[in-house]
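Peer 1: For reference, the structure I am asking about is given below.
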Amino acid sequence: TSRYGGDFPLYEIVDGKQRVNAICEFYEDRVSYKNFYFSDLSRKDMWHFTEYRIALAEIDNASEKDIMHIFLMVNSNGKIMSKRHLEKVRKIYESL
């Protein structure tokens with residue numbers, strides 16, 4: 001049983017949710033990129049898009065605190081998220 005009550009595994013995106021949503025929206029022809037929708041692409045470009053490998057890390061049996069810790073680590077380096085949002089997540093993390 002997953003921590004959300006089902007008998008199936010549940011995946012949660014800890015970082016990159018906007019990027020994943022943008023990819024899905026393009027694939028579903030809901031948004032364009034440089035005035036092209038996915039359905040406008042050549043067969044070769046469609047194949048390249050659908051077969052492109054995206055790196056990810058999978059963490060099994062992570063607690064909510066583990067997830068918050070990972071989120072804070074990832075978003076405290078590189079392009080930094082707003083301090084206000086990080087503080088909100090840090091408070092949740094510290095309360096767990």
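Peer 1: When the residues of segment 15-38 are filtered to those that are among the basic types (Lys, Arg) and in a loop (DSSP other than H, G, I, E, B), which remaining residue is farthest from Met68 (Cα to Cα)? Walk me through it before giving the result.
Peer 2: We begin by selecting, within segment 15-38, every residue among the basic types (Lys, Arg); these are 17, 19, 30, 34.
Among the residues that remain, those that are also in a loop (DSSP other than H, G, I, E, B) are: 30, 34.
Numbers: Arg30: 31, Lys34: 35 Å.
Among those residues, the one meeting the criterion is Lys34.
Peer 1: Of all residues being among the aliphatic types (A, V, I, L, M) and within 16 Å of Ala55 (Cα to Cα) in segment 10-21, which is modelled with the highest pLDDT? Just the residue, please.
Peer 2: Per the criteria, the residue is Val20.
Peer 1: State all residues of segment 39-54 that are in a loop (DSSP other than H, G, I, E, B), hydrophobic (A, V, I, L, M, F, W, C) and either open to solvent by less than 100 Å² (accessible area, probe 1.4 Å) or modelled with pLDDT of 95 or more (or both); if no residue qualifies, say none.
Peer 2: Once the filter is applied, which keeps residues that are in a loop (DSSP other than H, G, I, E, B), hydrophobic (A, V, I, L, M, F, W, C) and either open to solvent by less than 100 Å² (accessible area, probe 1.4 Å) or modelled with pLDDT of 95 or more (or both), segment 39-54 yields only Leu41.
Peer 1: Between a residue in segment 17-30 that is surrounded by 13 or more Cβ atoms within 10 Å (Cβ to Cβ) and any residue that is in a helix (DSSP H, G or I), which pairs come within a Cβ distance under 8 Å, given they are 6 or more apart or on different chains?
Peer 2: The qualifying pairs are Phe26/Phe38; Tyr27/Phe38; Tyr27/Phe49; Tyr27/Thr50.
Peer 1: Output the qualifying pairs, or none if there are none: Cβ atoms under 8 angstrom, residues six or more apart or on different chains, first residue in segment 41-66 and under 24 Å from Lys17 (Cβ atoms), second residue in a loop (DSSP other than H, G, I, E, B) and modelled with pLDDT of 85 or more.
Peer 2: Phe49/Leu41
Peer 1: Only residues that are open to solvent by less than 50 Å² (accessible area, probe 1.4 Å), aliphatic (A, V, I, L, M) and either under 17 Å from Glu87 (Cβ atoms) or in a helix (DSSP H, G or I) (or both): list them for segment 58-75, please.
Peer 2: Once the filter is applied, which keeps residues that are open to solvent by less than 50 Å² (accessible area, probe 1.4 Å), aliphatic (A, V, I, L, M) and either under 17 Å from Glu87 (Cβ atoms) or in a helix (DSSP H, G or I) (or both), segment 58-75 yields Ile67, Met68, Ile70, Leu72.
Peer 1: Sticking with this structure for a sec: Would it be correct to say that Glu12 is touching a residue at least 40 places away in the same chain (Cβ under 8 Å) and either surrounded by 13 or more Cβ atoms within 10 Å (Cβ to Cβ) or in a loop (DSSP other than H, G, I, E, B) (or both)?
Peer 2: Yes: the conditions hold for Glu12.
The values are calculated or read from the model by the stated rules, or taken from the named source; none is laboratory data. All of these numbers come straight from a predicted model, not from anything done at the bench. Counting neighbours? That spans all protein chains shown, and the Cβs are built from the backbone with ideal geometry, glycine included. All accessible areas refer to the heavy atoms of the entire protein, side chains included, with ligands and DNA or RNA removed. Shrake-Rupley method; radii C 1.70, N 1.55, O 1.52, S 1.80 Å.
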